[in-house]
1. Please state which of the following conditions Val83 fails to meet, knowing it meets all the rest: (1) assigned to a helix (DSSP H, G or I); (2) at pLDDT below 80; (3) aliphatic (A, V, I, L, M).
2. For segment 156-203, which residues satisfy the criterion of being surrounded by fewer than 20 Cβ atoms within 10 Å (Cβ to Cβ), out of contact with any strand residue (DSSP E or B) (no Cβ under 7 Å at 6 or more places or on another chain), within 19 Å of Ala114 (Cβ to Cβ) and at pLDDT below 75?
Amino acid sequence: MLVEDQVLLREGLAGLFRDAGHEVAGSLGDTAGLTGLVAAQQPDVVLLDIRLPPTYTDEGTRAAAEIKTAHPATGVLLLSQHVQTAHTVDLVAQGGFGYLLKDRVLDVAGFLAAVDRVANGGSALDPYVVGQLLHRNETRRGLAQLTEREHDVLRLIAQGLTNAGVAKRLFLSERTVEAHVRRLLTKLDIADSDDSHRRVLAVLTYLRADARPGT
């Protein structure tokens with residue numbers, strides 16, 4: 001399901017998904033009636049622009065929160081032209097959530113892979129967004145303990161990459177990446193858990209404390 005006020009982009013996204021063999025359950029220009037439509041159509045994933053009518057501020061983010069509250073299993077992917085982190089931290093913690101800058105759509109294969117990941121309960125955070133958030137919080141005590149390599153691993157796992165994906169990106173072995181992950185989770189005081197989003201919480205632990213409206 002697509003929620004985007006720019007008609008050309010909305011239609012372009014719809015065409016992209018149909019060409020890839022996906023069904024578009026709905027295509028909207030604002031959030032009016034969105035939660036009811038989601039309940040009726042039960043889409044695997046909802047893509048929302050963050051800034052939508054009528055105020056073009058945080059309509060998309062608020063709608064995303066409503067959808068995740070009413071339908072936790074539904075994936076939600078926010079799209080934005082700018083980094084806007086207010087109100088998104090709790091959404092990321094739930095899983096089945098993504099936040100990408102709109103220019104990521106140009107990498108069609110990567111974009112579709114991110115949408116699939118979110119639809120299946122995973123995470124997809126834009127590398128630039130993650131970088132901005134980590135830079136803003138890098139002086140915090142927990143993150144200050146991480147080595148440069150552990151920072152690299154943290155940025156990549158926050159984007160939703162598996163250990164194998166991190167290893168390939170950094171030209172390391174999976175065993176080495178596993179060791180880095182264990183150490184950084186210990187330094188960030190992230191308790192042992194079977195939660196598949198535990199690694200994303202390594203980022204969220206320190207973002208939540210500083211997330212403020214307008215940031």
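1. Result: Val83 fails condition (1) only.
2. Passing the criteria: only Ser196.
The values are calculated or read from the model by the stated rules, or taken from the named source; none is laboratory data. Please read all numbers here as calculations on a predicted model, not as lab measurements. Backbone-built Cβ (ideal geometry, glycine too); neighbour counts: all protein chains shown.
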